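What follows is a single structure, written as structure tokens, with notes after it.
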Amino acid sequence: MTLKEVQQHLSAKVLVGEEYLDREVFSGCGSDLMSDVLAFVKDRVILLTGLVNPQVIRTAEMMDIHAIAFVRGKEPTEEVLKLAALKEMVVLSTEHPLYISCGLLYSNGLTGKKDE
Amino acid sequence: MKLRFEVDGDEFVLAGEASSKLKKVLMQLGISSQLIRKIAIAMYEAEINMVIHANGGFIDAEITPDKVFVSLSDTGPGIPDIELAMKEGYSTASDKVRELGFGAGMGLPNMKRYTDDMKVTSEVGKGTTVELTVFIS
Ligand SMILES: Nc1ncnc2c1ncn2[C@@H]1O[C@H](COP(=O)(O)OP(=O)(O)OP(=O)(O)O)[C@@H](O)[C@H]1O
Ligand SMILES: [Mg+2]
């Protein structure tokens, strides 16, 4: 699924990385606990989370994750967005809660089965 | 190649800077991205622990042709029972730390999962040292 499609399914705003929306993701990871995210290594993942502190960007960086969707209408500070821009990430923001967001992506085909 | 980083125990926002820098160096050295990811995740977990459980410290990294070795030392409260701390889900993190997305009790288990060798030494009241090794095959 391309990030453009992700954006459409989640009715999300693009906060950073408009130019990279043609990138593809194979799988999603939804969590508000960073160490849980860090335990889950897969290629081409989008991270969905309700946390907006800079460690979300750092966590994504360590995992080679280049796409993040902030749920529940959360938007991070400029400083956090700048860090994400520096890492060439795509950052989306959706009004949907975490459970619904994951469900929307899963039911539209982002099942993680096409990974690698 | 030897690198040294200082970790400020009061700056949650800056935690992870050292891991980020080491990751960049490893990328420049042309090490495979899978290996870099393992090292970066393990080091990042340990670096975060230095900030959320201790009051910062120093990280020494040594890169040789066959391995990456990272040693993280803090002068925090120490870990009274290392075996218990290593268990998945065990955490003494405060509510404040949990609100920031940490405190799942997965950091030390993740370090073990992603490295070829991991050693934790700790003395209560003195501090903790975590040593991580990943072999470059
Ligand atoms: N550097 C340290 N100094 C003192 N105590 C530590 C240190 N590192 C870990 N601990 C202790 O070991 C416990 C387990 O650590 P671990 O990293 O596995 O989980 P956590 O940090 O609590 O949560 P998570 O890593 O999932 O965010 C901690 O809650 C803490 O009590
Ligand atoms: Mg931890």
Could we say that B:Met118 is within 12 Å of ligand 2 (Cβ to nearest atom) and modelled with pLDDT of 95 or more here?
no
Scan region B:98-113 and give yes if some residue there is more than 14 Å from ligand 2 (Cβ to nearest atom) and farther than 30 Å from B:Met27 by Cβ, otherwise no.
yes
Sole miss for B:Lys96 among (1) over 17 Å from A:Leu38 (Cα atoms); (2) in a helix (DSSP H, G or I); (3) at pLDDT 95 or above is condition (3)
Only residues that are closer than 17 Å to B:Ala40 by Cβ, in contact with an Asp or Glu (Cβ under 7 Å, 6 or more places away or on another chain), more than 10 Å from chain B (Cβ to nearest Cβ) and open to solvent by less than 10 Å² (accessible area, probe 1.4 Å): list them for region A:12-56, please.
none
When region A:48-69 is examined, which residues are found to be within 12 Å of A:Met89 (Cβ to Cβ) and either in contact with a Phe, Trp or Tyr (Cβ under 9 Å, 6 or more places away or on another chain) or not acidic (Asp, Glu) (or both)?
A:Val56, A:Ile57, A:Arg58, A:Thr59, A:Ala60, A:Glu61, A:Met63, A:Ile65, A:His66, A:Ala67, A:Ile68, A:Ala69
Identify, from the list B:Glu131, B:Glu62, the residue that is in contact with a Lys or Arg (Cβ under 6 Å, 6 or more places away or on another chain) and open to solvent by less than 50 Å² (accessible area, probe 1.4 Å).
B:Glu131
Quick check on my filter: what residues within region B:1-34 are in a helix (DSSP H, G or I), at the interface with chain A (Cβ under 10 Å from one of its Cβ atoms) and within 26 Å of B:Gly103 (Cα to Cα)?
B:Phe12, B:Val13, B:Leu14, B:Glu17, B:Ser19, B:Ser20, B:Lys23, B:Gln34
It is to be established whether one or more residues within region A:65-84 are touching a Leu at 6+ places or on another chain (Cβ under 9 Å), on the phi < 0 side of the Ramachandran plot and without any contact (Cβ under 8 Å) to a residue 12 or more places away in the chain.
no
So, of the residues in region B:92-128 that are open to solvent by 30 Å² or more (accessible area, probe 1.4 Å) and near ligand 1 (Cβ under 10 Å from one of its atoms), which turns out to be farthest from the other protein chains (Cβ to nearest Cβ)?
B:Val124
Would you mind telling me which numbered condition in (1) away from chain B (no Cβ under 12 Å); (2) farther than 17 Å from B:Leu100 by Cβ A:Ile68 fails?
(2)
Run A:Thr59 past the list (1) open to solvent by 20 Å² or more (accessible area, probe 1.4 Å); (2) facing chain B (nearest Cβ under 8 Å) and report the number of the one that doesn't hold.
(1)
From the list B:Gly76, B:Gly89, which residue is part of a loop (DSSP other than H, G, I, E, B) and more than 8 Å from ligand 1 (Cβ to nearest atom)?
B:Gly89
If the Cβ limit is 9 Å and pairs must be 6+ apart or interchain, which residue in region B:50-72 that is within 16 Å of B:Lys23 (Cα to Cα) pairs with which residue that is open to solvent by 20 Å² or more (accessible area, probe 1.4 Å) and part of a helix (DSSP H, G or I)?
B:Ala61/B:Val25; B:Ile63/B:Val25; B:Val68/B:Leu35; B:Leu72/B:Asn49
Kindly indicate whether A:Ala67 is away from ligand 1 (no atom under 16 Å from the Cβ), under 23 Å from B:Leu26 (Cβ atoms) and in contact with a helix residue (DSSP H, G or I) (Cβ under 9 Å, 6 or more places away or on another chain).
yes
I need the full set of residues from region B:35-73 which are in a loop (DSSP other than H, G, I, E, B) and more than 13 Å from ligand 1 (Cβ to nearest atom), in order please.
B:Thr64, B:Pro65, B:Asp66
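The values are calculated or read from the model by the stated rules, or taken from the named source; none is laboratory data. Just so it is clear, the structure is predicted and the values come from calculations on it, not from any experiment. Virtual Cβ from ideal backbone geometry, glycine too; neighbours counted across all protein chains shown. The accessibility values were calculated without ligands, DNA or RNA, using every heavy atom of the protein model including side chains. Shrake-Rupley method; radii C 1.70, N 1.55, O 1.52, S 1.80 Å.
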